[in-house]
Amino acid sequence: MADVQDGHYDSSTDSLRVEPIYESFLCPLTKQIMRDPVTLESGATFEREAILKWFKESDSSGRSLVCPITRKELSSTELNPSIALRNTIDEWMHRNEAAKLDVACKSLTSENSEHDTLQALEYVVEICQRSRSSRHVVRKLGLISLISELLKNSSTKVRQKALESLCFVAKDDNDNKDEIAAGDNIRTIVKFLSHGHVQEKEQAASLLYELSQYKPLSEKIGSVPGAILILVGLSSSKIENLFTVDRADKTLVNLESCEKNVRQMAENGRLQPLLRLLLEGSADTQLSMAAYVGELVLTNDVKVFVAQTAGSALVNIMKSGNREAREAALKALNQISSYDVSAKILIEAGANFQSIPLDHNRQTLVSEEIVHNLLHLISNTGPATECKLLQVLVGLTSSSTTVQGIVDAIKSSGATVSLIQFVEAPQREVRMASIKLLNNISPCMGQELAEAFRGNFSQLSSLIRVIADNNGISEEQAPAAGLVADLPLQDSVLTRRLVEDGAFTTIISKVIMIRQGESRGGRFVNPFLEGLVRIVSRITFILEDDPDIIAVAREYNLTALFSDLLQMNGLDTVQIVSATALGNLSGQSKHLTKILPPPNAGLCFSIFPCLSQKSVETGVCRVHHGICSSRESFCLLEGKVVEKLVACLDHNNEKVVEASLTALSTLLDDGVDIDQGVMVLCDAEGVKPILDVLCENRTEALRQRAVWAVERILRTDEIAYEISGNQNVSTALVEAFRHGDFRTRQIAERALKHVDKLPNFSGIFSKIGAQ
């Protein structure tokens, strides 16, 4: 018998195996237990990933395609899933998992050698890596408290392994985290950060980071004396293990969810979280943070930093807040302004406030004449002054209350072209301020900016060079991507120029790197990714009758790219853009499918479309009646995208739901086989979610889209008959018939006829179901 660790065997634990490992469980290529076994035409079985890699290597080296076992040439690379073998392996794994858990329980509940204890902990790690349900079993067996006790063991190896084990036990399981945090365990874990060996410190930092991801534990972690100070010290250390530094920093980010922790961080020199709350928090939070700034003892360098970061916000509170808020802000400003350099910054920052009158005519900084003067100064001064003036405009356009005034002044003064020229400035600070300003105004004047870029393509190319920079994700790159993304989506001239410059190759590679976790940029990652994805989606808006752009979409395999991005939960904008792009691509499938000669008459139709389908020629897409593929014709069915879009119909964000439903609706559109489109939705269990969207009536736009889709679905008699008894659907259709716009009422009327809620006067004497 043999033991298996991560798929390899280990002969040192033979006696713990319920039954031996069978040779058929192992992939001949990897010598590891198979998780997804597939069989070739030769009869040999391999791990899917391993045999695909074999095929790829054979193809790239020009070798004939042969079976690695029989060495016989293969006529097909078709992989047949070996479901029975996979189930057998899973059952075997579960039996052995139970055996290992039993051994672990016995080893940890009695006095054992260091070797046996370490082996028991290794079993826990191995089991917890498999699934969340396995981690649940570990808790139910009472292993967490037993492992926690080992944190005080005399053996360094045991303590280190106990920390590692708890890290795996805690992963993605808040109940487990609660149990780990019980008693004085957190205090013990924190001790390792300051007194532990290098590997203990690394494991303790990992465990604390894992626990900190559960918000209810944030205050508990911060309440351990010295915990915040130790973490702040580690996060800025130049001598500690880089992994430990990174985990300490990320733990602090998680702990920012508790204001008490934020205050402690500020006391210990980590001011950014406090200043971020001062800038972005609720009114009460801003008041609390402003008051605390006034109480802190700050060095001159820190005063300058606070003035640069939050000076404007403090002055704004002082000018517009209530009495308590003004007092708090004034105290903080008094503290910061005690140093000449920071005082000067505050004076400059004071110009950001629209309520401050600048002359006897009560003109403010956002008055059109004043903005005109600023724009004139920007074009007629040196880089240092240009930068400061641009930063003033960045501040003004960052506020929804002042941005429109600045936009109006830019338009009336004709300053768009002169502002865009700064994206080519050699001084990084000037360039960055210009890009931020243009990004802030781009939602309000995208057309004007597009016209300016069309007049000088080199400036658009400069933005792409900023985006393409590979030195991490910078503060400059996110607004640059946002600016390009905000340009009119259907501007084919700009999109073609981006194609010619090779911009999409660069941008898509950036997207993939971020998706795979290869790029880091802190708070800039998400806005940067959102901008990149929106830029790539431009291609899908100009596909109509354009072979060159269709070729570009095929080259970059956009269906597969957006299908993957659709699964980025938590990034609503990325999901909205991806679903929209997939809808645009799918809308072209009916034009791009390769139509074969019509089949012989006499096809036998199915009795119930949700359980069977029309007899169609092998290889022919059931919806588009031609040869389809994800890459060549952007077919959602061939790209396995339908289920992913259906899953998005349950999203909390109405815009994600609307974009996903719009994409799915392309399977029911004119020009495709609507009956088969309905069958596809049935197979993907998508009909009920669409009906739910209709019944929920979350927005008018969603109702209109849902009514359209439901009417098409109800053209299938069997479904209409089944739905006719659903009062919720009927009520939703009646509401749409009564309150929708003219087009929606017409569609709702047809839908109600399908379920016999309205008479079909054109066929009143014909049989039920006639149309």
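Descriptive notes on the structure:
- Test: GLU451 is among the charged types (D, E, K, R), in contact with a Pro (Cβ under 9 Å, 6 or more places away or on another chain), in a helix (DSSP H, G or I) and surrounded by fewer than 18 Cβ atoms within 10 Å (Cβ to Cβ): no
Yes/no per residue for (1) out of contact with any Lys or Arg (no Cβ under 8 Å at 6 or more places or on another chain); (2) farther than 26 Å from ILE21 by Cα; (3) buried (at least 17 other Cβ atoms within 10 Å of the Cβ):
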| position | (1), (2), (3) |
| --- | --- |
| ASP36 | no, no, no |
| GLU41 | yes, no, no |
| GLU47 | no, no, yes |
| LEU52 | yes, no, no |
| SER61 | yes, yes, no |
| SER64 | yes, yes, no |
| CYS67 | yes, no, yes |
| THR77 | yes, yes, no |
| ILE83 | yes, no, no |
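- All conditions but one from (1) under 19 Å from VAL190 (Cα atoms); (2) of a type in the set (Ser, Thr, Tyr); (3) open to solvent by 20 Å² or more (accessible area, probe 1.4 Å) apply to THR309; the one that does not is (1).
- Residues in the stretch 454-478 that are in contact (Cβ under 8 Å) with a residue 24 or more places away in the chain, outside any loop (DSSP other than H, G, I, E, B) and either of a type outside the set (A, V, I, L, M, F, W, C) or over 17 Å from ARG523 (Cα atoms) (or both): 13 in all.
- Elements of the type helices (runs of 4 or more DSSP H) sitting completely within the stretch 380-444 and holding at least 3 residues that are farther than 26 Å from LEU279 by Cα and among the β-branched types (Val, Ile, Thr): these cover 416-420.
- Close pairs from the stretch 665-690: first within 13 Å of THR716 (Cβ to Cβ), partner of a type in the set (Lys, Arg), Cβ under 6 Å, at least 6 apart: LEU668/ARG712; ILE674/ARG712; GLN676/ARG622
- Residues being in contact with a Phe, Trp or Tyr (Cβ under 7 Å, 6 or more places away or on another chain) and open to solvent by less than 30 Å² (accessible area, probe 1.4 Å) - total across the stretch 164-190: 1
- For the stretch 710-719, the condition of being hydroxyl-bearing (Ser, Thr, Tyr) and in a helix (DSSP H, G or I) holds for none of the residues.
- Within the stretch 1-59, strands (runs of 3 or more DSSP E) holding 3 or more residues that are at pLDDT 90 or above: 37-39, 45-47
- Of the residues VAL138, VAL125, VAL158, the single one that is in contact with a Ser or Thr (Cβ under 8 Å, 6 or more places away or on another chain) and modelled with pLDDT under 85 is VAL125.
- Residue match in the stretch 538-548 (condition: closer than 14 Å to ILE508 by Cα and either of a type in the set (Gly, Ala, Ser) or open to solvent by 30 Å² or more (accessible area, probe 1.4 Å) (or both)): no
- Members of the stretch 499-528 that are in a helix (DSSP H, G or I), open to solvent by 30 Å² or more (accessible area, probe 1.4 Å) and under 20 Å from SER461 (Cα atoms): VAL499, GLU500, THR505, THR506, SER509
- When the test is whether a residue is small (Gly, Ala, Ser) and in a loop (DSSP other than H, G, I, E, B), SER312 does not pass it.
- Checked against the criterion of being outside any helix (DSSP H, G or I) and over 33 Å from the mean Cα position of the chain (by Cα), the stretch 122-141 has at least one qualifying residue.
- Candidates are the residues of the stretch 632-667 that are part of a loop (DSSP other than H, G, I, E, B) and open to solvent by 50 Å² or more (accessible area, probe 1.4 Å); the one that is farthest from VAL620 (Cα to Cα) is ASN652.
- For the stretch 414-463, a tally of residues being in contact with a Ser or Thr (Cβ under 7 Å, 6 or more places away or on another chain) and within 18 Å of ASP501 (Cβ to Cβ) returns 4.
The values are calculated or read from the model by the stated rules, or taken from the named source; none is laboratory data. Small disclaimer: the values here were computed from a predicted structure and weren't measured. No Cβ is skipped: glycine too gets one built from the backbone with ideal geometry, and neighbour counts run over all protein chains shown. Calculation scope for accessible area: heavy atoms of the full protein, side chains included, ligands and nucleic acids excluded. Shrake-Rupley method; radii C 1.70, N 1.55, O 1.52, S 1.80 Å.
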